[in-house]
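The values are calculated or read from the model by the stated rules, or taken from the named source; none is laboratory data. Small disclaimer: the values here were computed from a predicted structure and weren't measured. As a convention, Cβ positions derive from the backbone with ideal geometry for all residues, glycine included, and neighbour counts pool all protein chains shown. The accessibility values were calculated without ligands, DNA or RNA, using every heavy atom of the protein model including side chains. Shrake-Rupley method; radii C 1.70, N 1.55, O 1.52, S 1.80 Å.
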Amino acid sequence: MTARLHPLRWPLDMMVELREQGCCALPVRVVDIALDCCRLWAGFRMHARRGATMHITDFAPIGATILWSEAYYAELRFDAALHPAILDHLVRTFPPVDADEIADHIARMEALRRDLSDADPLARDRPDIVGCGLRRG
């Protein structure tokens, strides 16, 4: 019998909607996924140890906890592990894109963030304001 090794995390490129507890729902990009967690690029910092709900089109919402958030990336730990068939389906449906496409997406998201902060003087003048208008600390 030959053992098959599987990576703990699978790279993918999937846009989802994430609702941080007590906050609005915003689009984020999942960049890798495992049965019990995922890493995402949001374009803003989130609050660690706060609950969140991830909405994938045509799937039931997935409850999670934000483990950490740094430099616009974050990691979510799912409340319940994904079924292996669901993980396989997501990885096959949303293959990773090349680095240039990711860089273009990040540049577009950062430009949008700048535009929004220019339109909202509160966000521009208050560096303690993070995503959804919530305050740090």
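For ALA71, are the conditions met, namely being out of contact with any strand residue (DSSP E or B) (no Cβ under 7 Å at 6 or more places or on another chain) and either open to solvent by less than 20 Å² (accessible area, probe 1.4 Å) or closer than 24 Å to ALA107 by Cβ (or both)? Considered against the rule, which asks whether it is out of contact with any strand residue (DSSP E or B) (no Cβ under 7 Å at 6 or more places or on another chain) and either open to solvent by less than 20 Å² (accessible area, probe 1.4 Å) or closer than 24 Å to ALA107 by Cβ (or both), ALA71 comes out as yes.
Scanning region 21-61 for residues that are small (Gly, Ala, Ser) and at positive phi, which turns out surrounded by the most Cβ atoms within 10 Å (Cβ to Cβ)?
Among those residues, the one meeting the criterion is GLY43.
Any residue at all in region 1-8 that is surrounded by fewer than 19 Cβ atoms within 10 Å (Cβ to Cβ), β-branched (Val, Ile, Thr) and at pLDDT below 90? Full working, then the answer.
Of all residues in region 1-8, those surrounded by fewer than 19 Cβ atoms within 10 Å (Cβ to Cβ) come to 1-8.
Still in the list and also β-branched (Val, Ile, Thr): 2.
Now narrow it down to the ones that are at pLDDT below 90: 2.
Among the residues of region 1-8, at least one is surrounded by fewer than 19 Cβ atoms within 10 Å (Cβ to Cβ), β-branched (Val, Ile, Thr) and at pLDDT below 90, which makes the answer yes.
Taking the criterion of being touching a Gly at 6+ places or on another chain (Cβ under 8 Å), part of a strand (DSSP E or B), of a type outside the set (D, E, K, R) and within 20 Å of MET15 (Cβ to Cβ), would at least one residue in region 72-82 satisfy it? Give the steps one after another, and end with the answer.
Keep residues of region 72-82 that are touching a Gly at 6+ places or on another chain (Cβ under 8 Å), which gives 72, 78-80.
Right, trim to part of a strand (DSSP E or B) and you get 78.
Remaining after also requiring of a type outside the set (D, E, K, R): 78.
Within this subset, residues satisfying the condition of being within 20 Å of MET15 (Cβ to Cβ) are 78.
Yes, there is a match, as at least one residue in region 72-82 is touching a Gly at 6+ places or on another chain (Cβ under 8 Å), part of a strand (DSSP E or B), of a type outside the set (D, E, K, R) and within 20 Å of MET15 (Cβ to Cβ).
Could you list, in sequence order, all residues of region 9-20 that are of a type outside the set (A, V, I, L, M, F, W, C) and either modelled with pLDDT under 95 or surrounded by 16 or more Cβ atoms within 10 Å (Cβ to Cβ) (or both)? Hits for region 9-20 are ARG9, PRO11, ASP13, ARG19, GLU20.
Tell me whether region 33-56 contains one or more residues that are touching a residue at least 60 places away in the same chain (Cβ under 8 Å), of a type in the set (D, E, K, R) and within 17 Å of PRO96 (Cα to Cα).
Of the residues in region 33-56, the ones touching a residue at least 60 places away in the same chain (Cβ under 8 Å) are 41-47.
Still in the list and also of a type in the set (D, E, K, R): 45.
From what's left, within 17 Å of PRO96 (Cα to Cα): none.
No, because not a single residue in region 33-56 is touching a residue at least 60 places away in the same chain (Cβ under 8 Å), of a type in the set (D, E, K, R) and within 17 Å of PRO96 (Cα to Cα).
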